[in-house]
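Chemist: Following this message is one structure expressed as structure tokens.
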Amino acid sequence: MTLALVPLLLGQAPTFEQLEQMKQDAINKLTGFKGTYVMVSIPQEGAGMRQEVTLTISPDGRRTKLYTEGLDVAESAYNKKRKWTAYLLDKAYEMDEPEGGIELPPNAPKLTPAAGEMSLTLDDLGPRFATNPSPTVTAATEDTVDGKKLTRYDAKTISPTQKSQVQITQWFEPKTFVLRQFEITKTTEGRVSRIKGYLIKDSINTKVDPSEYDLPAAYSGFKRIKPR
């Protein structure tokens, strides 16, 4: 048992950092995972943006593919020996085989937003969030979403100037603690913007063939470039 899981098992509210670590621990324990996170930004005014990130995760490696507004933008994968990234709009790819190999599971670098700001990433580590100051988390509750019982955590932070507030809600699978859905609401002097995310087409603890981390034949004709 890891310390990060203790607050959950005791029914107490974890810190936000513990909650984020619990997400990473949950992903790392899966024998295999495939799924797509859809993330939609909803500003108070103007057009929003829709992005999709498809993830393949197993002890043998990780693979991600990014779509923005329906366009295939980039795809990347790595195993313990090599990493490749294909830039699909440019029809180019890079490949690297670092001396000493690649660590699996990967370490999650700490997100360090500036004071009063928020950081959000969605990559091979899944959706991750951080705010400065760190949010206060309430104890887990059970919530029913689309007929499915999920574990819900709410977190809230107020900027040092007291002019903005961020609310982060995350819904998890009760058994595997895989993140199923999230919603971020930022209120600044009465103006509200939102980011909503949800998991689709998912398969948890599925078998993943190690060959899925190899460069696809469809990309081998792309121009090879030096790693950026």
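Just so it is clear, none of the values below were taken in a lab; they were calculated from the coordinates. Owing to the predicted nature of the structure, the values given are computational and were not obtained by experimental measurement. Cβ: placed from backbone, ideal geometry, glycine included. Neighbour counts: every protein chain shown.
Chemist: Would you mind getting me the FRET efficiency between D25 and R50? Use the beta-carbon distance for r and R0 = 25 Å, nearest 0.05.
Modeler: FRET efficiency, D25 to R50: 0.30.
Chemist: Ok, one more. Tell me the mean residue ellipticity at 222 nm calculated for the chain from its helices only (DSSP H runs of n ≥ 4, each -39500 (n - 2.57), averaged over every residue, nearest 500).
Modeler: About -2000 deg cm²/dmol.
Chemist: Also, quick follow-up: Dipole magnitude of the chain about its Cα centre, charges +1 at Lys/Arg Cβ and -1 at Asp/Glu Cβ only, in debye to the nearest 20?
Modeler: 80
Chemist: If all Cα-Cα distances of the chain are sorted into 10 Å bins from 0 onward, what percent lands in each bin, rounded to whole numbers?
Modeler: Taking all Cα pairs of the chain, the binned fractions are 7, 29, 35, 21, 7, 0 percent.
Chemist: A follow-up question, please. Given R₀ = 30 Å, what would the calculated FRET efficiency be for D146 paired with T68, taking r from the Cβ atoms and rounding to 0.05?
Modeler: 0.75
Chemist: Out of V38, V178, V192, any idea which swings most in a Gaussian network model of the chain, alpha carbons joined below 10 Å?
Modeler: Checking each option, the largest mean-square fluctuation is seen for V192.
Chemist: Separate question: Relative to the present Cα-Cα distance, how much length would full extension add between K175 and R194 at 0.36 nm per residue of separation?
Modeler: Full-extension gain reported as 4.0 nm.
Chemist: With axes computed from alpha carbons, what is the tilt in degrees of helix 16-29 against the longest principal axis of the chain, rounded to the nearest 10 within 0 to 90?
Modeler: Value to nearest ten degrees: 40.
Chemist: Taking 0.36 nm per residue of separation and subtracting the Cα-Cα distance, what length does fully extending A218 through D202 add?
Modeler: 3.3 nm
Chemist: Would you mind ranking K163, K196 so that the residue whose beta carbon has the fewest other beta carbons within 10 Å leads the list?
Modeler: Ordered by Cβ neighbours within 10 Å, fewest first: K163, K196.
Chemist: What is the spin-label model distance, in nm, from S119 to E17 if the labels are put 7 Å beyond Cα along the C-beta direction?
Modeler: 1.3
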